[in-house]
Amino acid sequence: MIKRWFFSLPISTKLALSFLVVIFSFALIGGATIAMITNKNITQTTDRFIRLTYENNREYLLKNLLEDNKWALFKFVDSISDNEIISEALLSINDKVVAHSHPAQYRVNSLLSRQYLQQGQNFTIDIGSDKTAVLTIFKNPHNIYSQVLSNIKSIVIIFIFMALGSWLFAVFISRRILDRLKVASNNIDVIKKGEWAKIDTKEFKEKDEITVLLNSMNTMAQDIKSNIEKIEHLKDFYHNVLSSFELMVIVFKSDFKTVYCNKNTLAGTINTDFIKDFCIQNKITEYEKEMVEIKKEGKTFLLNLNTFKDNFIVTVSDITELKELEKKYSTTKSLAMLGEMSGFLSHELKNIISPLKLLIGAKNLDQYDIEVMGRSIKNMDAFINNFLTFAKPPQNENAQQTNLAQGVEAVLFLLSTKLHQCGISLHKQLETCFATIYSKAFEIIVLNLVLNAIDAAGKSGTIGISTYQEGRYVYLEVIDNGCGVPKEVQDTIFEPFFTTKTNGSGLGLALVVRIVDDMDGNIALESKEGQTRFTVVFKGEK
Amino acid sequence: MKLFISLLLSVNLMIAKELFFGITTVAVVKNSQTIFELTDFLSQAAKTQITPKFAKDYDEMKLMLEKKEVDFAYVCGATYVEAKDSADLEILTFPYFEGKPLYYSLVIAPKESNARSLLDFENTIYAYSDPKSNSGALVPSCKLRSMGRHYDSFFEEVIYTYDHSESIEAVLKGFVDGASVDSLVYESYKQINPTSTEKLKVIQKMGPFQTTPVVIRKDIDPQVKKRVQKAFHSLSATDKGRQILRKFGVEKFAYTNDYDY
């Protein structure tokens with residue numbers, strides 16, 4: 001408790017008490033030493049004084065003893081005991097009091113005990129007639145305690161002055177310290193408020209740790225000011241940069257408090273509150289990354305969300321025009337494709353029916369001719385069926401939550417014999433992941449990609465197939481270690497009727513693209529010598 | 001002419017001559033400053049240098065008067081009677097106390113003492129001043145004698161202090177249980193040491209007695225005698241003089257024919 005009380009005291013009081021304790025301790029030790037030395041000197045002086053007193057007054061005492069002048073003798077013993085070194089003095093004859101410095105206690109003619117006389121220093125005076133007078137002197141018992149008591153007033157006065165001096169000194173020192181600490185404290189407040197001009201850079205006479213701290217703080221404040229100015233400048237710069245985009249950039253905290261929003265051209269249609277509500281309602285922030293289209297007031301916007309620490313960084317761009325272009329492009333491409341396909345169809349059909357045309361004019365048809373006619377019809381049938389399959393890919397009535405891994409396993413089962421026959425080394429990494437898609441269509445995708453991989457890998461080749469989920473999206477990857485797809489054909493490989501195989505229909509990958517597109521997915525190709533990877537992406541389910 | 005000059009010279013010599021004032025220490029409070037104040041005043045008033053000469057007791061003073069070592073002196077009545085013829089003395093003036101040239105012999109004791117008279121001091125240690133002092137020794141001894149007692153056997157011990165003021169001190173210090181002192185000296189002591197005398201009380205007052213006179217040798221020039229007498233009498237006429245008188249416990253000095261020793 002004493003410790004707690006001491007620590008709660010102001011600095012000046014603590015210092016004063018500390019000084020006082022130190023000074024008092026030293027004074028006590030010094031005083032005791034001096035008192036011991038003084039005591040020794042006093043004892044020696046006292047003995048010398050007593051001896052001299054007797055020797056110098058012996059004749060006077062004898063005269064008055066002989067004259068029986070007790071009053072004169074009393075005045076003598078009274079005078080010598082009236083000092084600090086002698087407490088009592090007496091003259092006695094045959095143990096009877098003649099004169100005593102304490103007459104009330106030891107009356108004239110009263111008897112004294114030998115024991116009492118032996119306590120003092122005795123000096124004999126022979127006065128004749130068998131009488132001996134004895135001068136007995138009792139020394140003042142000097143010890144350190146009595147010395148202290150006798151000087152108690154001086155000690156108290158000196159102590160008071162010392163205490164006052166200590167307190168004044170402590171106040172002075174603590175004031176010097178506190179003044180500087182106050183400056184430091186004020187500077188900290190000023191820095192917190194950003195009032196840089198009010199920083200006190202006063203110089204102090206002291207060059208101690210506190211002044212060093214103060215100077216360091218001032219330097220730090222200047223650095224902070226400089227850094228803050230730089231940050232402000234950068235903030236303005238990046239704000240101007242972000243505001244120059246035709247893009248809305250918003251930064252939300254995890255509680256959707258707006259941290260930043262740039263100046264943007266979308267402000268008329270979309271604002272931060274709308275975006276905030278949209279994200280919350282559609283639970284977009286459940287994933288670290290998300291890309292969503294928003295339709296509002298006849299316009300289409302693309303919302304891109306990224307999570308960074310506790311913040312959501314949202315960009316919103318107006319893709320209405322892009323969508324229009326996409327639509328136009330799609331129409332144009334479709335028309336172009338139609339033209340291409342028409343040309344291809346015509347060409348193929350022409351090739352298929354050319355033997356029939358030759359046989360129309362013949363008068364006698366033999367068995368061989370009938371077989372040729374049959375083959376041509378069969379080829380035409382197969383061709384038309386393939387085309388019909390491409391034209392209208394199979395769909396379930398409703399898209400459903402489909403386990404990709406399960407779908408892949410089903411297709412691999414169907415192809416197990418072919419895989420075995422080709423000596424293909426198959427590596428599977430199938431994680432259970434779900435997407436709301438057409439499950440049969442998905443199997444067609446897998447089938448086509450695996451068949452292509454088998455063709456590309458060749459005998460004893462290696463195929464890898466994996467399904468996994470990353471964030472919002474689920475992935476299907478099919479890899480082969482074939483010779484790869486030449487760069488120059490990588491852009492056209494997905495187009496209908498494009499094929500590098502001799503008997504290929506050229507519709508497999510086109511069908512895959514069609515189905516993926518129908519299910520709002522994406523397909524990508526990466527290919528190099530020795531490795532080709534097809535990656536199909538769908539929006540996943542949790 | 002020669003006669004005139006010698007007469008003039010003798011007068012001048014008479015005026016300029018130093019006079020010695022004998023003071024018995026037993027009779028006055030031992031305060032040299034007060035004594036010198038008195039002699040300075042008298043010197044100024046008498047226009048003659050007056051120098052004090054001290055004697056320890058009356059016997060010594062009597063001898064000094066007989067040897068003409070002092071010209072006038074303050075003595076006790078007994079001494080005057082003894083030395084009147086041998087020293088050829090006459091009375092110059094008397095100290096007055098409470099309007100009369102009378103004083104008392106006081107029995108004093110510490111304030112806490114239960115004594116109510118001299119007779120209560122039997123078997124105690126008692127202080128006398130000078131063995132020939134009236135108030136300090138003779139009066140109490142006579143008193144005891146009148147009761148059929150001798151002082152030697154009455155008291156346990158008689159201590160002679162040879163000084164009234166020392167007798168007072170002896171009581172104050174507790175060395176003696178009581179003392180007989182001169183009332184004038186006691187009053188004087190009270191004036192100088194008021195706080196000390198608060199510790200004392202007067203047990204008994206015996207007297208009155210004719211105050212101790214200031215005596216002068218008859219062979220001193222009458223003019224000088226007159227001037228000295230006038231100087232004594234002028235003490236009560238001035239503030240300074242009255243201050244000095246207070247310190248001696250005396251109201252004034254004046255001459256009276258009505259005395260009896």
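In this structure, is B:Ile91 in contact (Cβ under 8 Å) with a residue 40 or more places away in the chain, touching a Pro at 6+ places or on another chain (Cβ under 6 Å) and either in a helix (DSSP H, G or I) or of a type outside the set (D, E, K, R) (or both)?
When the stated conditions are applied, B:Ile91 passes them.
Within the stretch B:116-128, which residues are outside any helix (DSSP H, G or I) and either away from every other protein chain (no Cβ under 14 Å) or within 14 Å of B:Thr79 (Cα to Cα) (or both)?
B:Arg116, B:Ser117, B:Glu122, listed by residue number.
Check whether at least one residue in the stretch B:190-206 is more than 12 Å from every other protein chain (Cβ to nearest Cβ), crowded, with 24+ Cβ neighbours inside 10 Å, in contact with a Lys or Arg (Cβ under 9 Å, 6 or more places away or on another chain) and not in a strand (DSSP E or B), and report yes or no.
No, there is no match, as no residue in the stretch B:190-206 is more than 12 Å from every other protein chain (Cβ to nearest Cβ), crowded, with 24+ Cβ neighbours inside 10 Å, in contact with a Lys or Arg (Cβ under 9 Å, 6 or more places away or on another chain) and not in a strand (DSSP E or B).
Here's a check for you: in the stretch B:31-83, which residue that is touching a helix residue (DSSP H, G or I) at 6+ places or on another chain (Cβ under 8 Å), surrounded by 16 or more Cβ atoms within 10 Å (Cβ to Cβ) and β-branched (Val, Ile, Thr) is farthest from B:Gln210 (Cα to Cα)?
Checked the stretch B:31-83; the qualifying residue farthest from B:Gln210 (Cα to Cα) is B:Thr48.
For the stretch B:88-100, state whether one or more residues are surrounded by fewer than 23 Cβ atoms within 10 Å (Cβ to Cβ) and either within 14 Å of another protein chain (Cβ to nearest Cβ) or farther than 23 Å from B:Arg246 by Cα (or both).
Scanning the stretch B:88-100, I find at least one residue that is surrounded by fewer than 23 Cβ atoms within 10 Å (Cβ to Cβ) and either within 14 Å of another protein chain (Cβ to nearest Cβ) or farther than 23 Å from B:Arg246 by Cα (or both), so the answer is yes.
Hey, A:Tyr368 hits all of (1) surrounded by 12 or more Cβ atoms within 10 Å (Cβ to Cβ); (2) aromatic (Phe, Trp, Tyr); (3) in a helix (DSSP H, G or I) but one; which does it fall short on?
That leaves (1) as the condition not met.
Looking at this structure, is B:Leu172 touching a residue at least 12 places away in the same chain (Cβ under 8 Å), farther than 27 Å from B:Thr79 by Cβ, within 14 Å of chain A (Cβ to nearest Cβ) and not in a strand (DSSP E or B)?
On the way: touching a residue at least 12 places away in the same chain (Cβ under 8 Å): yes; farther than 27 Å from B:Thr79 by Cβ: yes; within 14 Å of chain A (Cβ to nearest Cβ): yes; not in a strand (DSSP E or B): yes.
Yes; evaluated as a whole, the condition is true for this residue.
Would you point out which residue out of B:Asp163, B:Asp152 is within 14 Å of chain A (Cβ to nearest Cβ) and buried (at least 19 other Cβ atoms within 10 Å of the Cβ)? If you could, list the steps in order and put the result at the bottom.
Numbers: B:Asp152 fails: buried (at least 19 other Cβ atoms within 10 Å of the Cβ).
Result: B:Asp163 is the single residue among B:Asp163, B:Asp152 that is within 14 Å of chain A (Cβ to nearest Cβ) and buried (at least 19 other Cβ atoms within 10 Å of the Cβ).
Go through the stretch B:197-213 and count every residue that is within 18 Å of the chain's Cα centre (by Cα) and β-branched (Val, Ile, Thr).
So the count comes out to 2.
Only one of A:Asp68, A:Asp82 is within 14 Å of chain B (Cβ to nearest Cβ) and modelled with pLDDT of 85 or more; which?
That would be A:Asp68, the only listed residue that is within 14 Å of chain B (Cβ to nearest Cβ) and modelled with pLDDT of 85 or more.
One line per residue, one yes/no per condition, for (1) of a type in the set (Ser, Thr, Tyr); (2) closer than 30 Å to A:Phe169 by Cβ; (3) more than 14 Å from chain B (Cβ to nearest Cβ):
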residue	(1), (2), (3)
A:Phe24	no, yes, yes
A:Thr46	yes, no, yes
A:Val97	no, no, no
A:Gln118	no, no, yes
A:Phe123	no, no, yes
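Could you tell me whether B:Pro131 is more than 14 Å from every other protein chain (Cβ to nearest Cβ) and under 16 Å from the mean Cα position of the chain (by Cα)? Steps first, please.
Numbers: more than 14 Å from every other protein chain (Cβ to nearest Cβ): no; under 16 Å from the mean Cα position of the chain (by Cα): yes.
Considered against the rule, which asks whether it is more than 14 Å from every other protein chain (Cβ to nearest Cβ) and under 16 Å from the mean Cα position of the chain (by Cα), B:Pro131 comes out as no.
Filter the stretch B:135-149 for residues that are more than 14 Å from every other protein chain (Cβ to nearest Cβ) and touching a Ser or Thr at 6+ places or on another chain (Cβ under 7 Å) and give the result.
Matches in the stretch B:135-149: B:Ser135, B:Val139, B:Pro140.
Do you know which residues across the stretch A:189-207 are surrounded by 13 or more Cβ atoms within 10 Å (Cβ to Cβ) and in a helix (DSSP H, G or I)?
A:Val190, A:Ile191, A:Trp196
Residue by residue through the stretch A:102-129, note down the ones that are surrounded by 11 or more Cβ atoms within 10 Å (Cβ to Cβ) and assigned to a helix (DSSP H, G or I).
Within the stretch A:102-129, A:Tyr116, A:Leu117 meet the criteria.
The values are calculated or read from the model by the stated rules, or taken from the named source; none is laboratory data. Computed from a predicted structure; not experimentally measured. All Cβ positions, even for glycine, are placed from backbone atoms using ideal geometry, and neighbour counts span all protein chains on display.
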